[in-house]
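Here is the structure we will look at.
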Amino acid sequence: MQDPSDKTLLSIPEAVLLGHALVQRVADSLGIRAFFIKGPASVVQGLRLPKMSVDVDVFVPPADLEPLLVGLQQRGWRERPVDPDGKTFPKHSVTVDHPSWPCCIDVHFRFPGMEGDPNACFDVMWAHTEDLELAGQVVRVPSKALGILILALHALRSPHLPACSQELVFLAELTERESHAAEILEIATATGSLAAMRPFLEDLVSQPKPEEWPEASTEWRNRLLAKEPGSARIIAIAQAPLRDKPKMLFRAVFPPTEVFLTGNIYADMTFKGRLRQHQARWARFLRAVPKIVKDLSQLRRRDPAAKSAGPLHR
């Protein structure tokens with residue numbers, strides 16, 4: 001027999017929709033400019049095929065990150081543990097969860113692939129947002145052109161994955177069909193994401209094309225190369241100054257508690273539990289060694305111009 005109390009629990013789709021309304025109201029009460037990326041809004045706008053979102057992704061100016069987090073914390077949301085190694089995994093968002101909600105909220109203050117100043121990038125993006133009603137609340141979302149750019153950048157991080165490859169094809173066909181390429185190019189140029197977007201835009205943009213495509217940053221190139229977390233750590237250690245290598249190597253072998261809690265905030269952190277966590281971590285590393293070796297071999301021979309793999313939507 002079903003527990004009557006279960007009927008009061010939110011499902012994930014319900015929680016995601018209501019989460020958008022909640023975050024928008026908190027942002028409005030604090031006078032914070034905020035807009036929502038990916039998620040159900042992109043499906044409503046026709047930028048994605050129907051799929052279930054499991055979290056809420058909101059974008060705010062860097063200066064408003066802490067005020068919004070405080071506003072959410074006052075309503076019971078708590079910041080999830082994060083790997084403190086900002087060199088290997090540069091931080092671009094903060095994730096919060098709530099014991100009574102089945103979804104998380106990711107608060108973005110920058111976006112990988114956008115190499116411009118985060119504050120200037122937000123201002124450019126904010127100029128390309130519009131209103132949309134979700135869960136009875138008017139929320140701010142990207143225009144179609146900005147939405148395509150953000151979704152494409154997200155998929156371009158892992159173009160080797162079938163789901164990302166399929167999304168890039170879908171977005172490219174949509175861009176061509178609705179003639180968004182020129183506006184996407186304009187936003188990409190203004191946010192410094194032209195290098196990262198080159199594989200997506202190069203065949204879609206008619207004249208005038210960029211005279212010279214800029215070089216991608218080391219961070220972006222490393223993201224493309226490191227298909228395994230172990231690869232990312234080894235690449236970061238290899239590229240770090242000599243004085244930083246011993247500490248980074250020590251942290252890679254003996255990670256702080258936060259590393260284990262990023263995947264499961266309820267992980268057993270007793271002495272025996274930590275031993276099991278270390279054992280599982282090393283087992284994952286050993287299974288990934290062949291892929292890590294492949295990633296590192298690509299690092300040695302990659303083109304400094306970092307043109308990536310060429311157009312990905314053919």
Phi to ³J(HN,Hα) by Karplus 6.51 cos²θ - 1.76 cosθ + 1.60 over the stretch 55-63, Hz, x for Gly, Pro: 8, 10, 10, 10, 10, 9, x, x, 5
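Going through the cross-link list K91/K144; K144/K245; K209/K291; K38/K209; K144/K294; K247/K291, which pairs have a Cα-Cα distance over 32 Å in this structure? The partial results should precede the final answer.
Working: K91/K144 26 Å; K144/K245 44 Å; K209/K291 36 Å; K38/K209 28 Å; K144/K294 37 Å; K247/K291 25 Å.
K144/K245; K209/K291; K144/K294, as the Cα separations exceed 32 Å there.
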Binned at 10 Å from zero, the C-alpha pair distances of the stretch 91-228 give percents of 11, 37, 37, 12, 2, 0
Hey, could you pull the Cα Rg and Dmax for the stretch 60-119, both in Å? 12.5, 37
Amide proton proximity set for T129, modelled H, under 5 Å, gap of 5+: S143
For D57, residues with placed amide H under 5 Å, excluding near neighbours: I37, D106
Residue by residue through the stretch 214-225, which ³J(HN,Hα) values in whole Hz follow from phi under the Karplus form 6.51 cos²θ - 1.76 cosθ + 1.60 (θ = phi - 60°), with glycine and proline marked x? x, 7, 6, 6, 4, 4, 5, 5, 5, 4, 5, 6
Any idea what diffusion coefficient the stretch 166-240 gets from Stokes-Einstein, in µm²/s, Kirkwood Rh on alpha carbon pairs, 37 °C, 0.692 mPa s? 234
Ratio of alpha-carbon Rg to the 2.2 N^0.38 Å globular estimate for the stretch 9-98, to two decimals, please. 1.14
Please work out the Kirkwood hydrodynamic radius for the stretch 135-208, using every pair of different C-alpha atoms, and report it in angstroms with one decimal place. 12.8
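Distances over 24 Å make up what percent of all Cα-Cα pairs in the stretch 36-140?
28
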In whole Hz, with x marking every Gly and Pro, tabulate ³J(HN,Hα) for the stretch 149-166 from phi via Karplus 6.51 cos²θ - 1.76 cosθ + 1.60, θ = phi - 60°. 4, 5, 5, 5, 4, 5, 6, 5, 5, 9, x, 6, 7, x, 4, 5, 4, 5
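Highest first, please rank the peptides 29-37, 158-166 by the mean number of other Cβ atoms sitting within 10 Å of their residues.
Working: 29-37: 17.8, 158-166: 12.7.
My ranking of the peptides, most packed first, is 29-37, 158-166.
Read-outs: derived from the displayed coordinates by stated rules, not from any lab. In this text the structure is predicted, and so the values were computed from the model without any measurement. Cβ sites come from the backbone with ideal geometry, for glycine too, and all protein chains shown count toward neighbours.
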